[in-house]
Each structure stands twice: as C-alpha cells, then as structure tokens.
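This report refers to the structure that appears directly beneath it.
The values are calculated or read from the model by the stated rules, or taken from the named source; none is laboratory data. Worth saying up front: this structure is predicted, and the values here are computed from it rather than measured. Here the Cβ is made from the backbone with ideal geometry for all residues, glycine too, and neighbour counts use every protein chain on show. Just so you know, the surface numbers come from the protein's heavy atoms only, side chains and all, with ligands and any DNA or RNA stripped out. Shrake-Rupley method; radii C 1.70, N 1.55, O 1.52, S 1.80 Å.
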Amino acid sequence: MNTFFDSIATALELVVSLDPTLWSIVRRSLAVSATACALSCMLGLLAGAWLAVTQFRGRRFVMTLLNTSLALPSVVVGLVVYLLLSRSGPLGGLGWLFTFKAMVLAQMILVTPLVTALTRQVIEDADSQHGEQLASLGAGRFLRSLLLAWDERYALLTVGMAAFGRAVSEVGAVMIVGGNIEGFTRVMTTAIALETSKGDLPLALGLGIVLLGVVLLLNALIGAVRAWRERRDGAANAATRGLVAA
C-alpha cells in the first residue's frame, strides 16, 4: 500500500516539477495527435459533408464500409501501415517507418472515419431541416453542404475535440509503426506501457495523470460548447417567438 501511495506522490512531483523526460514525451504525443487530428478533420469534414447531401448508387455500401471502419482494431491498422511503409512495401521508399510521420499516418487512418461519420450525421440532420429551403434559393449540393457545415460549426468543433481525444489515447498502432524509440517516437500511451513493464511506476503514473487530464479537459470543453450552443439556440428561439407574438 505504501508503495502505491509513494508512486503516486512521486508521479505528482514529476508532473509539478516539469520533469524534462515526462514533458518531452507529453509534447511529442500532443504534437503527433494534433497533426493527425488536423489532417483528419480536413479530410473527414469534406467527405462527411459530401456524403450528407449526396445520393448516388452504392451509397449504402459506402456507409456500411464507413461504419465498419469505426471499429477497426488499432493493431490491425498499425500492421497494415507497417507493411506499407516497410522496405518491401509500396511506400517503403518514403523512409517513414519508425518516425513521427508514420505515427501521424496511423492515427489519421483511425480518426478520419470517426470525423467523417460524425460530420455526416450532423450535416444530414441539418439538411433534413434546412436543406429544401437552401435548395429553393438556388444553392447546389456543394454550396449547401458548406452552408450547413458553417451553421453547425459548433457541433463540428466538438467532433474535432472528440477526434483528438481518440487520437491521443491510441497505443496499438503507434507502438507498431513508431517503435517507441526514446527521444524520437515515444508518446504517452506507449511510454506508459513500457514503463509499467519495466516497473517504473512513478513515470507511468505521471504520464497517466497528464493523459487523463488532457481527456478530462477535452470532455469539459465539449460539454461547455454544447451548453453554450443550447443557451444560444434557446435565446434565439425565444427571440423568434417574441417577434411572432408581437
């Protein structure tokens, strides 16, 4: 029991004292996840908005593939990316294996389906309410999707936050393609797994505390954005009812 509390006390000391080893891992982890999330959002927002307003042959099959990709095991994604980037793979010439770029690519593959699926749902719901009105004003599908995305920008902001939370907590894929190399590709999740196996519980706990703090902060921000949007919509609806009554 004393060992447990001693480890927690040491872990908190590492976090508060800004231990260089711990915080270098944290910075690298946040950089990888932020880069992957930014690229995934650019692709996922466009793809999701397009899917929401477009009807085409095979759309149901595409949706099935998209929903299936949401449950892709991270270790399988890591294995596929490893094979692609290995020397004998089709992308081996890039020299990305066991680098920052390889981890970003693996996280992108995992996060992009999530962004696409959530964006499609948000835009599709908005299109069912306002799509006919926009179409009657002459807005084509592409313009309609952009207008609806702008109107739902706060909901899409929460999608981006959720995507970052998914990326920063990933361990299997980045372990395989990054190699967990100290000072180069070691991130929070892979470092926690390694330090726990080595018995260095204070560092593992310190990284776990930071990781939980990041996830908690993201959830708090998502809740704050949703609450603000609900208050904003409520005030707008009340103002509209007041004008109608007048």
What ³J(HN,Hα) values, in whole Hz, does the Karplus curve 6.51 cos²θ - 1.76 cosθ + 1.60 give for region 201-210 when θ = phi - 60°, with x put for Gly and Pro? 5, x, 5, 4, 5, x, 5, x, 5, 5
Backbone N within region 61-96 under 13 Å of label point (7 Å from Phe184 Cα along the Cβ vector): 95-96
Given points 7 Å out from each Cα along the Cα-Cβ axis, report the Glu230 to Leu12 separation in nanometres with one decimal. 3.3
For the chain: relative contact order, % (alpha-carbon pairs under 8 angstrom, 6 or more apart): 30
Carbon and sulfur atoms: what percent of the 1.4 Å accessible area of the chain do they account for? 67
Please report the spacing between the Cα centers of region 167-190 and region 11-61 in Å, no decimals. 14
Which value at 222 nm does the chain reach when only helices count, each DSSP H run of 4 or more adding -39,500 (n - 2.57), with the total divided by all residues and rounded to the nearest 500 deg cm²/dmol? -28000 deg cm²/dmol
Solvent-accessible area per residue for the chain (1.4 angstrom probe, square angstrom): 56
Rank these by accessible area, largest first, 1.4 Å probe: Glu170, Glu124, Glu152, Glu230. Glu230, Glu124, Glu152, Glu170
Using only Cα atoms, tell me the angle between helix 2-16 and the longest principal axis of the chain; keep it within 0 to 90° and round to the nearest 10. 60
Label model pair Phe100, Leu46: point-to-point distance (7 angstrom along the Cα→beta-carbon line) in nm is 2.4
